[in-house]
1. Taking only pairs six or more apart or across chains, which ones have beta-carbon atoms under 7 Å, a first residue in the range 38-61 that is closer than 14 Å to GLN91 by Cα and modelled with pLDDT under 95, and a second residue that is outside any helix (DSSP H, G or I) and open to solvent by 10 Å² or more (accessible area, probe 1.4 Å)?
2. Name the residues in the range 108-132 that are in contact (Cβ under 8 Å) with a residue 40 or more places away in the chain and closer than 19 Å to ILE37 by Cβ, would you?
3. Kindly indicate whether any position in the range 130-140 is within 24 Å of THR41 (Cα to Cα), out of contact with any Cys (no Cβ under 9 Å at 6 or more places or on another chain) and buried (at least 18 other Cβ atoms within 10 Å of the Cβ).
4. I'd like the full set of residues that are in a helix (DSSP H, G or I) and open to solvent by 40 Å² or more (accessible area, probe 1.4 Å), limited to the range 3-18.
5. Under 6 Å by Cβ, and 6 or more places apart or on different chains, what pairs join a residue from the range 77-94 that is under 16 Å from ASN36 (Cα atoms) with one that is surrounded by fewer than 22 Cβ atoms within 10 Å (Cβ to Cβ)?
6. Among the residues of the range 62-77, is there at least one that is open to solvent by 50 Å² or more (accessible area, probe 1.4 Å), more than 25 Å from LYS5 (Cβ to Cβ) and of a type in the set (A, V, I, L, M)?
7. If I ask for residues that are in contact (Cβ under 8 Å) with a residue 24 or more places away in the chain, more than 16 Å from THR48 (Cα to Cα) and open to solvent by 80 Å² or more (accessible area, probe 1.4 Å), which ones from the range 143-170 would you list?
8. Could you say whether any residue in the range 102-124 is in contact with an Asp or Glu (Cβ under 7 Å, 6 or more places away or on another chain) and modelled with pLDDT of 90 or more?
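The values are calculated or read from the model by the stated rules, or taken from the named source; none is laboratory data. Keep in mind it's a predicted model, so treat the numbers as computed, not measured. Neighbour counts run over all protein chains shown; Cβ positions are idealised from the backbone, glycine included. Ligands, DNA and RNA are stripped out before the accessible areas are found, and what is left, the full protein with its side chains, is counted by its heavy atoms. Shrake-Rupley method; radii C 1.70, N 1.55, O 1.52, S 1.80 Å.
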Amino acid sequence: MMKVKRIIGMLLVIVAGFLLQSSILPAFGWMNYIPNILVITVCAFGLTSGPYYGMLAGVLCGLLMDSVFGHRIGYYSLIFLYMGYLNGICQKYFFYDNLAVPLLACGLSDFGLGFYIFVVSFLLRNRTNFPFYMMNMILPELVSTIVAALILFRIIALINAKMTELEKRRSTKFV
């Protein structure tokens, strides 16, 4: 059963990440490619909490993206849902002291998102210049997302660990 405080904490992290991604980072003129903070958030919740919380974080991030940037509800929600589920399945390979799995998960997730956007937005409209899109959109965003994940993943994982510790402490207090 999902805990209410964990969901509220997840919502706060998602909203903070969305505000960072959509309003604070674009203000820096030297950054041509903005890291996708919501991909890092979904990967972090999926890897640290499992597939259900990963899917919940994915749906919440996707609905937030759909409501602000999308023309259709479900465009981002679907890919973020799958992203959260697949990262949650990989929870057994995640260890807090090893950053290789989270960085690989964030990189693959960001690449999957970029490829999904290319297929749905461009390829279906007969715009088939994938090498151009790969070199000018997917790879620069992927690199900036991985660099940002070096910093942000630890912070989100620590927040999640504190929420888990509080849940365990609370459950042992009543027994």
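1. Final answer for the pair search is LEU47/PHE94; THR48/PHE94.
2. The first filter runs over the range 108-132 and keeps only residues in contact (Cβ under 8 Å) with a residue 40 or more places away in the chain, leaving 109-110, 113, 120.
Within the range 108-132, SER109, ASP110, LEU113 qualify.
3. Looking for residues that are within 24 Å of THR41 (Cα to Cα), out of contact with any Cys (no Cβ under 9 Å at 6 or more places or on another chain) and buried (at least 18 other Cβ atoms within 10 Å of the Cβ), one finds at least one in the range 130-140, hence yes.
4. First, pick out the residues of the range 3-18 that are in a helix (DSSP H, G or I): 4-18.
Within the range 3-18, VAL4, LYS5, ILE7, ILE8, LEU11, LEU12, VAL15, ALA16 meet the criteria.
5. SER77/VAL59; SER77/LEU63; SER77/ASP66; ILE79/TYR116; LEU81/VAL59
6. Of the range 62-77, the ones open to solvent by 50 Å² or more (accessible area, probe 1.4 Å) are 63, 67-69, 71-73.
Then keep just the ones that are more than 25 Å from LYS5 (Cβ to Cβ); that gives 68-69, 71-73.
Still in the list and also of a type in the set (A, V, I, L, M): 68, 73.
Yes, the range 62-77 contains a residue that is open to solvent by 50 Å² or more (accessible area, probe 1.4 Å), more than 25 Å from LYS5 (Cβ to Cβ) and of a type in the set (A, V, I, L, M).
7. VAL143, VAL147
8. Keep residues of the range 102-124 that are in contact with an Asp or Glu (Cβ under 7 Å, 6 or more places away or on another chain), which gives 110, 114.
Right, trim to modelled with pLDDT of 90 or more and you get 110, 114.
Yes.
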